[in-house]
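Read-outs: derived from the displayed coordinates by stated rules, not from any lab. Predicted model, so just to flag it, every value in this text is computed and none were measured. Here Cβ is always computed from backbone atoms with ideal geometry, including for glycine, and neighbour counts include all displayed protein chains.
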Amino acid sequence: MATVATSGVGLSGARLHAFNSSKPFSPFLGKKLKIKPISESIHPTKFNHAKSRNLLVLASGVDLMSFVNDLFVGVGVGLPCTVMACGDIIYRSTLPSSNGLTVTVPGTILALGALSYLWATPGVAPGFFDMFVLAFVERLIRPTYRKEDFVLGKKLGEGSFGVVYRASWAKKPSPKGGELVLKKATEYGAVEIWMNERLRRACASSCADFVYGFLESSSKKQAEYWLIWRFEGEATLADLMQSSRTFKIIDHGAAADLRVGINYIPKEFLLDPRYAAPEQYIMSTQTPSAPSVPVATALSPVLWQLNLPDRFDIYSAGLVFLQMAFPGLRNDNSLIQFNRQLKRCDYDLVAWRNTVEPRASNELRRGFELLDLDGGIGWELLTSMVRYKARQRVSAKEALAHPYFDREGLLAMSFMQNLRMQYYRATQKDYSEALKWVVRLMAKSGTEQDGGFTEAQLQELRDIQPKKKSSAQRNALASALKLQRKITRTLKESVDELNQRRKSVWWNRWIPREE
Ligand SMILES: Nc1ncnc2c1ncn2[C@@H]1O[C@H](COP(=O)(O)OP(=O)(O)OP(=O)(O)O)[C@@H](O)[C@H]1O
C-alpha cells in the first residue's frame, strides 16, 4: 500500500501535488490509497524516524533534483502540474488565469473615467490625434511653395508682428486660382503657421482660408516666416451684417493651442486692451509654461478646469456682439468710452443700461430694442458673456448652444429647445433676485390671519446682518482653495523641473523649416 502524503508547507501552486515519495510508488489500480498530510507525518511530536531517514537518504542521494521534482510535481498521480492546469479551490490565485478579457466593475469604472478624462475639454485624445496623425499626414501630402512663387502687391496692413500684402501667383496659369494675401511675420510666425494649420483642420469655414506657411532664408537677410491665405474680400463686419453673410476670423498669431500647450507662455500677454476682459490674462501666471507634448496633453484638462480660459475669449466675443447691436460702438473712441463707463458700473451691463437708457440716442435705443426681441434672449446672452467674474461668464459651448442662434426664433422653438432654454436660464440665474422676490411676496401676504411674515418681521429679517458662513463651510472652502493652490504649485514644480534644460520652445520642431 502506498502512502501518499500531501504537503502543507505553503508552496502555492504545488500544494495538492507535492508528494512525499519516501516509499516507492505502486500502481494503485484496485488498491486503497491512503492519503495523509505531510505536515502530520513530519510533525515534531509524531516524527517518524524511519521516514526521516528515508528522506535524508533521498535528499543526500545522487538525484537531488529528481527529489525536488517529485516533491513538487508529484509524478505518478494524474498529470503533473506542468502539463495540466491545476489549482486550489481554497487558494484561487493558484487557478489558471483565463486567456479572455475579464470585465470587472472597478475595471469598467476605471476605463470610463480614463476615457472621459481623455475627452474632457480641451480634449487630450483628439489633441493627440490631431498633432501626431492629422498634422503629420497633412505635412506629407501638401504641396510646397517658395517666395518666388508669388508676386507681392499692395500693402494691406502692418501690425506689431508683421506686414500683410495682397499677392498673386507668379506662375500663369496659377496653380490654384484666386487672389492671395501674404504676410511676412517678424515675430510669432512659426506659431501662427501652426495655429492656421490647426484651425484649418478644426474649423476651416470659420477662418480665412489658409494656403501655406514656410520659412525663407536668403543669404542677405535673416530667416523670415511667410504665411499665405486666399484673399477673403474687403467687406467689414457691418457690410457682412447688411448682406447677412457670415464672417471669418483672421490673425491667429497670439492664439494658443491649450490641448498641447503650443504658444502658451504664461508670462507673455498679447491682448488688445479694447476687447480684453478685466482680468487681463487668460491663464493664471502661476500656471507653468508648457512642457513636452505628452505632459502638457495629459495635464490640459486639469489646467483648463483651474483657469477656464474660454471665458476670456467669451468676454471679447461679447464686446463684438455689443458692437453688432450698437453701431455707435464700432469705432475705437466710443468703444474705449464704453469700457470706461462699464468699469464705473463695476462691469455690470444691467447697471450700465440703467444709466444710459433714460438719455439714450435713437441708435442706442434701437440696439436695446433689437436685443429685447423674442423675450430678450439677445440681451440675456449678451449679459451672460460680458461679466466681471470669469467663472460667472457663459462658456463658449453653452453660448453656441443658446437659442438666440436658432434662426427660427423663440416661437418656433421645439419642446426640447424650450427645455434647454429653461435649463440655461436656471444655470445663469442670479438667485439673490429670486430671494428678494420671495421676500416681497411674503410681505404682501403677511398678515396675522393669512400667515407669512409681517412687514415688521421682514424688516427685522432685513436688519439682521448677513451671517458669516458657518465654520464647517468656511473650512471646506479653505481646504478646496488650499488643494487648488497645491495642485497648481505641484504642477508648476514638476513641469519646471521638466523644463529646466529645455531653453528653446519645444514646438519649434513641429513647425515648418526652410523647404
Ligand atoms: N485672408 C485675408 N483676406 C482679406 N484681407 C485680409 C486677409 N488677411 C488679412 N487681411 C487684411 O490685412 C489686414 C492685416 O492683417 P492682420 O491683422 O492679419 O495683420 P497685422 O494686423 O499686420 O498682424 P499683427 O497684428 O498680427 O501684426 C487686415 O486688417 C485685413 O484687412
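Structure above, values below:
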| quantity | calculated |
| --- | --- |
| Surrounding net charge for residue 272, when Lys and Arg each add one and Asp and Glu each subtract one, Cβ distance under 15 Å | -3 |
| Residue exposure sequence - 313, 272, 239 - by fewest surrounding Cβ within 10 Å | 272, 239, 313 |
| Net lengthening on full extension, residue 298/residue 179 (0.36 nm per residue, minus Cα-Cα) | 38.7 nm |
| Modelled FRET efficiency - R0 56 Å, residue 268 with residue 108, Cβ distances, 0.05 increments | 0.80 |
| Low-density loop cleavage sites - GluC sites (Glu not before Pro) in region 364-398, where at most 15 other Cβ are within 10 Å (DSSP) | none |
| Per-pair calculated FRET efficiency, R0 = 51 Å: residue 472 and residue 206 via Cβ, rounded to 0.05 | 0.60 |
| Residue pairs, from the table 154/183; 147/183; 154/248, whose Cα atoms sit over 18 Å apart | 154/248 |
| Least to most buried among 297, 104, 121 (fewest other Cβ within 10 Å first) | 104, 121, 297 |
